[in-house]
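Data first, discussion second: the structure below is written as structure tokens.
The values are calculated or read from the model by the stated rules, or taken from the named source; none is laboratory data. Just so you know, these numbers come straight off a predicted model, no measurement behind them. Positions of Cβ are backbone-derived with ideal geometry, glycine not excepted, and every protein chain shown enters the neighbour counts. The area values use the complete protein model at the heavy-atom level, side chains included, leaving out ligands, DNA and RNA. Shrake-Rupley method; radii C 1.70, N 1.55, O 1.52, S 1.80 Å.
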Amino acid sequence: MLIRVLSEQLASRIAAGEVIERPASVVKELVENSLDAGSTRIEVQVVRGGSQSITIVDNGQGIPPSEMATAFERFATSKIDEASDLIAIETLGFRGEALPSIASVAHVEAISRHEGESAGSRYVVDFGKAGKVETAGAPRGTRIEVTGLFKNVPARLKFLGSAGRELSRIHTLMASLALVYPDVSFNLTADGRENLRTVGSGDLRDAVAGVYGQKIADQMLPLEPDNSAAFSVDGMVSSPSLNRSNRTYITLAVNGRWIQSRRLAYAIEQAYHGFLPDKRFPVAIARIHTPLDDVDANVHPTKAEVRFLREDLVYSVVQRAIRGVLSTSAPVHGLGAGRAAGSIGLLRSPVRPSGGGAVSSPVSPNRAPASGFSQWPVELTDEDWPRDGSARQSSLLGTPARHDPDERSDGATPRETLPVLRVIGQVHETYIVAEGPDGVYLVDQHAAHERITYERVKARFDENVTESQPLLEPVAIDLAPGLLTVVQEHLDELHRVGWGVEEFGSGSLIIRSVPAPLAVRASGDGAGQLLIRVLDELSEGGTGESWRDRLIASVACHSSIRAGQTLSITECRDLIRQLEKASHPNTCPHGRPTVVQLDVNDLEREFKRR
Ligand code: ADP
Ligand code: MG
């Protein structure tokens, strides 16, 4: 092939791919333009996750009719000129690529009235083909409507996710921008329904309330910035009592620009070390200020990532600020200390073939303050157990040992049965001590009950029996970014497992009933809190197991007795008796051991009897 210069049209379609990857990138570019235009109100409407249409309406300074066509040319920008210092750019855009890129892969209609003009103008570009600028009546500001995105780039269309996924990306983006610009009112409507709204009062707490709900906003602690320092951070972070099961609640900005940075998010998590349980994450909004020449915003085509010249300094400023407010607001609880314990050489899990080596005692994820056994949520009877072998056989954990039923009944090589145990008592309000054929056994009460409940809920689910407990009064909750989509996508499964939920406008849900096993916990902790925890855990996107299995595991986890609950000897016996009946009694649904064993032979050796 000869070397040829590509036509304008083809070249711009290729270039568009760099900035416009998906509907959320269109929203990002257009909203950033609205912000650059000084808007105080930005409304975004999307249909079908943006693949059908995206409309952005702002009240910014507008585009004069004489500049409308130029705005859509490549490298046309009002934000920098030949004399500009590329280091000290204060606007979000400056490359002049967004409008032409979008217009080359979609049908775009722009209507705008500049603040200094009495009439507005309308301009249409259809997949790169420009029309004429016409006069049109319009309020001050700009309205841009993008339809049929990527219709002329089938390859890109193929890589888009479901409408729900794309919407969730747009929601996350809007939520982040709303948190970074609390003085601008943001509004996102999806398929005619309001999805997010912030008031734009300038108070970050109001923006947090608009994005995550008032309850979370009330629990945020303001960072106290040192305004005299060259490097500083302001924003809000969650108090340790408020935490989440994933990292998507960390929002970062540098010098007014929203950024994404795993490393910086990790630095924030680290600042919470000792304040949060394992695998729990904070809600945080950190707005970092540095000298302009200390960041390079130009490393990424969509400017979503930045490079810091003095990265370590930035991290330490952020960490110091966060630890400062945390330590004045809450005492340190020494979590994670359990790691060093439990390395007794004698302990082993009976699941493993003998000689399996040391097993550290499981660190309970769900340690609760000591409380009465009255909280034990479900009483099981023998009737509750699935009787047909098939239900028992279904492997919940992907346990490698797929045994057949005969193996179980004849008692030879019992790899997934519990030995006959005589309960001695409870220690540490967490472990049941029992004597068995080959030594002393310790059973983790939470893990064991979780296993029992899991199999029960799973069996009910598979039989399509919904066990649901109506709430005396329905509860309304606000949902955080993305969670509403999770609910919409999995409404059937949620109903089937017993959650009676319905949508109720703008990111809210009404809860009318809870899964029966959760009834007790829901009346204590609140059905809303509980559902948010469950959804949070599920939105993490686990590895391997299906969403359904994780939902069931989550219901089981939250309805199980916790570590820290005192159990009577009868209750301990009851639990062991139920565990014996489980089809996979030796591990909890997350794969941690339910039981570990102190071998008699090892005891004899330790006591020098042999
Ligand atoms: P850039 O933002 O990099 O300058 P764009 O292609 O996004 O490039 O926009 C080109 C120009 O169009 C901008 O520089 C700005 O002058 C104008 N413009 C785009 N959107 C708006 C808007 N919503 N309000 C006012 N002017 C706008
Ligand atoms: Mg722009």
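Brief remarks on what is shown
- Label-point gap, in nm, between residue 117 and residue 215 - each point 7 angstrom along Cα→Cβ: 4.9 nm
- Here the Karplus relation 6.51 cos²θ - 1.76 cosθ + 1.60, evaluated at θ = phi - 60°, turns the backbone of the range 565-572 into coupling constants of 9, 6, 10, 6, 5, 5, 5, 4 Hz, with x for every Gly and Pro.
- Between the alpha-carbon centres of the range 563-610 and the range 260-291 there is a gap of 38 Å.
- If R0 equals 22 Å, the separation of the Cβ atoms of residue 18 and residue 66 corresponds to a calculated FRET efficiency of about 0.15.
- Site pair residue 609 and residue 328 shows an inter-label distance of 6.0 nm when each label is modelled 7 Å from Cα along Cα→Cβ.
- Span from the the range 192-230 Cα centroid across to the the range 449-525 one, whole angstrom: 28 Å
- Potential lengthening of the chain between residue 247 and residue 230 amounts to 3.3 nm, from the contour at 0.36 nm per residue minus the alpha-carbon distance.
- Loop-resident chymotrypsin sites (Phe, Trp or Tyr not before Pro) (DSSP state other than H, G, I, E or B) in the range 103-207 with no more than 13 further Cβ atoms inside 10 Å of their Cβ: 159.
- For the listed residue pairs 28/129; 129/158; 28/279; 158/279; 279/581; 279/458, the alpha carbons are over 27 angstrom apart in 28/279; 158/279; 279/581.
- Nearest-10 value in Å² for the accessible area of residue 223, using the 1.4 Å probe: 10 Å²
- Selection of GluC sites (Glu not before Pro), the range 18-94, meeting DSSP coil and at most 10 other Cβ within 10 Å: 82
- Peptides 167-178, 566-577, 598-609 ranked from most to least packed, by the mean per-residue count of other Cβ atoms within 10 Å: 167-178, 566-577, 598-609.
- Listed peptides 3-13, 244-254 appear in the order 244-254, 3-13 once ranked by packing, highest mean of other Cβ atoms within 10 Å at the front.
- Counting protein heavy atoms only, the range 37-137 has 48 percent of its accessible area on carbon and sulfur, 1.4 angstrom probe.
- Taking amide H atoms as placed 1.01 Å from N in the peptide plane, the amide H of residue 513 lies under 5 Å from those of 471, 500, each 5 or more residues away in sequence or on another chain.
- Probing with 1.4 Å while keeping every protein chain in the model, the per residue accessible area of the range 219-329 equals 46 Å².
- Cα-based shape type of the range 8-197, given that a ≥ b ≥ c are square roots of the gyration tensor eigenvalues and the cut on a/c is 1.5: rounded
- When peptides 318-327, 213-222 are ranked by their average number of other Cβ atoms within 10 Å per residue, the highest-first order is 318-327, 213-222.
- The length gained by stretching the chain between residue 307 and residue 2 to full extension, at 0.36 nm per residue less their Cα-Cα distance, is 105.9 nm.
- In straight-distance terms, cross-link reach from residue 215 covers every one of the lysines whose alpha-carbon lies under 19 Å from its own, apart from those fewer than eight places away in the same chain; here that gives an empty set.
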